[in-house]
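The values are calculated or read from the model by the stated rules, or taken from the named source; none is laboratory data. Small disclaimer: the values here were computed from a predicted structure and weren't measured. Methodologically, a virtual Cβ is constructed for each residue, glycine included, from the backbone with ideal geometry; neighbour enumeration extends over all protein chains shown. Each accessible area value is taken on the protein alone, full model and side chains, heavy atoms only, with ligands, DNA and RNA left out. Shrake-Rupley method; radii C 1.70, N 1.55, O 1.52, S 1.80 Å.
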Amino acid sequence: VQLQAFGGGLVQPGGSLRLTCAASGRSVSTYNMGWFRQAPGKDREFVATIKWSGGSIYYGDSVKGRFTVSRDNSQNTIYLQMNSLKPEDTAVYYCAAIPYYRDSYSNSNEYDYWGQGTLVTVSS
């Protein structure tokens, strides 16, 4: 599975961005898909995961109520809608894939495939 994340950029505090993760090589319909982020000098942080069917979704505490993850298996694509952005959301955002049968969703070490990352900068 090859993953490509895009849609990052510079946005003012309070603004919105939508990130897209496009998968190729094989269908990700049997994978749970996650978003992680890494700010300079910090560890990689769990953002959100959506289960293979879209039936279960999990969010990191710092983004709950502001970010929404979704997927379109017919398009092999996953989205992360980010609203009410804050300067502390500044990071490189990565999408990742984990087989549906693994229970873990927030542990980045459990994910098999990773995109290259897209930079989100929240600044005035």
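If a spin label sat at a point 7 angstrom from the Cα of L10 along the line to its beta carbon, the backbone N atoms of region 63-92 nearer than 17 Å would be those of 86-92. Of the trypsin sites (Lys or Arg not before Pro) in region 24-99, the ones in a loop by DSSP (not H, G, I, E or B) with at most 16 other beta carbons within 10 Å are R26, K42, R44, K51, K64, R66. In this structure the chain gives 50 Å² per residue of accessible area when probed at 1.4 Å with all protein chains present. Label sites at N107 and R18, each approximated as a point 7 angstrom past Cα along Cα to Cβ, lie 3.4 nm apart.
Our estimate of slack between K42 and V1, defined as 0.36 nm per intervening residue step minus the Cα-Cα distance, is 12.1 nm. The fraction of accessible area contributed by carbon and sulfur in region 28-69 is 47 percent, rounded to a whole number (1.4 Å probe; ligands and nucleic acids excluded). This model, with +1 at the C-beta of Lys and Arg and -1 at the C-beta of Asp and Glu, gives the chain a dipole about its Cα centre of some 180 debye.
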